[in-house]
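Trainee: Please see the structure below; I have some questions.
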Amino acid sequence: MKQFTKLAMVAASALTVVASASAATYNGDLIVGFTTASGNDLVYDLGSEPSLVNGETWNLNSLLGSSLNTSSVNWGVIGSNPVGGVNTTFSTTASMDLVPNTVPRTGYTGIRNAVASVYSLMPAAGQGNSEMIAATGTTSWNTETLNPQIPGDYKNAYGDPNSVGYTTEVLWGADNASDAPVQIGTFSFDNTGTLTFDSVSVPEPSTYGLFAGVGLLAISLRRQFAKA
């Protein structure tokens, strides 16, 4: 009897080690997810938002396989990262016309918990890690962002970050000081399984000067025409 109890305890301990080894602690990185609401979903760690480089690409074709690299796949990017005392939530939308909600202080924790749930089945935390999970799973991309089951799932906590197929999405960042979401850039997904990030273009100081010069010229010409 003692031997049986000891073996049971060893087995339970082994299961605990396996479970903890497969549950990664969310690190604030951006996560891209893909689902067709059946079969398996893919979630992939893109790295932190500040680490993104304009024109950066990720070839995910080998991870997606033929079941997810389709024109009917739902995909999007989410994240939640406290930086400098400000909690920022990141999410994509299908276009510039679809702006995410502001994030009240009371809502940030719930959103971060939902993101952490998606991330929890990663083998480890860090850029480049990925995981396949059944679309019916309680923490799958499908369940959290597309077909939620409980109020705490990501879609219910914040919104739907997904678009369908080979298209371009807008990445937004909203902080918990109730500021309006700000466009950070775009993510594009194509039929080669490649994801591309493009940052928002900010005019150089010389460009601002050019705009000002053109404006003054227009005013001057208008005055001359008025005198004539």
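Read-outs throughout are calculated quantities, based only on the coordinates presented, and are distinct from any laboratory measurement. Bear in mind that the values here come from a model prediction, so they are computed numbers and not experimental data. Neighbour counts run over all protein chains shown; Cβ positions are idealised from the backbone, glycine included.
Trainee: Would you mind getting me the FRET efficiency between residue 192 and residue 136? Use the beta-carbon distance for r and R0 = 35 Å, nearest 0.05. Working shown, then result.
Mentor: Numbers: r = 29 Å, r/R0 = 0.82.
Plugging the Cβ-Cβ distance into 1/(1 + (r/R0)^6) gives 0.75.
Trainee: Let me ask something additional. Which whole-number percent of Cα pairs in the range 75-192 have a distance greater than 21 Å?
Mentor: Every Cα pair in the range 75-192 considered, those over 21 Å come to 37 percent.
Trainee: Take peptides 112-125, 33-46, 57-70 and line them up by average Cβ neighbours within 10 Å, highest first, as a rough protection proxy. Let's see the in-between values first.
Mentor: Values: 112-125: 18.7, 33-46: 21.3, 57-70: 15.6.
So the order, starting with the most tightly packed, is 33-46, 112-125, 57-70.
Trainee: Next question, about the same structure. By the gyration tensor of its Cα atoms, with a ≥ b ≥ c the square roots of the eigenvalues, what is the shape of the range 120-175: rounded for a/c under 1.5, prolate for a/b over b/c, or oblate? Could you put the intermediate results ahead of the total?
Mentor: Details: a/c = 1.38, a/b = 1.09, b/c = 1.27.
In terms of gyration-tensor shape, rounded.
Trainee: Can you classify the range 21-79 as rounded, prolate or oblate using the Cα gyration tensor, where a ≥ b ≥ c are the square roots of its eigenvalues, rounded means a/c under 1.5, and otherwise it's prolate if a/b beats b/c and oblate if not?
Mentor: oblate
Trainee: Now for a different question. Could you work out how far the C-alpha centroid of the range 177-198 sits from that of the range 119-155, in angstrom?
Mentor: Computed from Cα coordinates, the inter-centre distance equals 19 Å.
Trainee: At 7 Å along the Cα-to-beta-carbon direction for both residue 183 and residue 94, put a label point, then send me their distance in nm to one decimal.
Mentor: Inter-label distance under the simple model: 1.8 nm.
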